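S.K.: Take this structure first; my questions come after.
The values are calculated or read from the model by the stated rules, or taken from the named source; none is laboratory data. Fair warning: this is a prediction, and the values are worked out from it, not measured in the lab. Backbone-built Cβ (ideal geometry, glycine too); neighbour counts: all protein chains shown. Remember, those area values only see protein heavy atoms, side chains included, never the ligands or the DNA or RNA. Shrake-Rupley method; radii C 1.70, N 1.55, O 1.52, S 1.80 Å.
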Amino acid sequence: MDKKQWSIAHDIAFDLVDWGTDPNELGKVVAFMRRYKGESDAKNRLMSLIQRLANTRNALIRSRQTQRFYRNIQEACETHLYDVSDTGEILTILGWSLRLMRYYRVEPERAVEEQRLPQTQQQTPKQPPTQTSQRPKAPEKPKVKVGARVNATILKKDGFKVTVQLQTDENEELVFERPYYPGVIGAKVKLRVTDVDDTGKINGVIP
């Protein structure tokens, strides 16, 4: 996969794991796409199927959570696949998203770390080595923990760089890099915290 495809696959997997989605339901979507990948309207069929499963109460479901899972899948696909039309490319992206979901459910800290890596360094995740040393404890517990969600406003977009102002006590202005980020200037968004210092100041965020 190229850099853009990898970024999309990773973002779909990260969101679905973050929202508590069952990978088996995405697996059914991948199987459907594999079956109809040769059809010219395969993407439309896919989105129609996901929407129907997310909103039809009479759909065959295994638990009370199934429709929520499909609503999550619908939101992730509409957000990250909006400008991808090639059916083979969609199938490749969703197939890798499924693999990454299963990996990130076991290694959630690795998922956050992958988000923090520059795009040129991201690659297929490997099992990290066992950590033998422990970091010293911070003198005070941060007010905001790594992995928490914070509200922010988009101030500027310059290529891959997005400048935001956090809606926190400090009103921090931060920059993160994200190819093809769909947010527009002035939009209110939720971001994930990746770095907090000992005083509780947020030093890093990602979508």
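S.K.: Place a label point 7 angstrom from the Cα of Q65 along the Cα-to-Cβ direction, then list the residues of region 2-28 whose backbone nitrogen is under 14 Å away.
M.R.: Those under the cut-off are 16-26.
S.K.: What order do you get for 69-81, 28-40 when each peptide is scored by the mean count of other beta carbon atoms within 10 Å, highest first?
M.R.: 69-81, 28-40
S.K.: Further, regarding this structure: In nanometres, what is the gap between the two model label sites at Q5 and N55, each 7 Å from Cα along Cα-to-Cβ?
M.R.: Between Q5 and N55, the simple spin-label model gives 3.1 nm.
S.K.: How far, in nm, would the chain grow between E75 and R149 when pulled straight, counting 0.36 nm per residue and subtracting the alpha carbon separation?
M.R.: Length gained between E75 and R149: 24.9 nm.
S.K.: Got a number for carbon plus sulfur as a percent of region 1-103's accessible area, 1.4 Å probe?
M.R.: 44
S.K.: Another question about this same structure. Please sort 168-177, 6-15 by packing, taking for each peptide the average over its residues of neighbouring beta carbons within 10 angstrom, highest first.
M.R.: Result, highest mean first: 6-15, 168-177.
S.K.: Moving on. Looking at this model, which pairs from K161/K190; K161/K188; K143/K188; K3/K188; K143/K201; K43/K157 are more than 20 angstrom apart at the alpha-carbon?
M.R.: K143/K188; K3/K188; K43/K157
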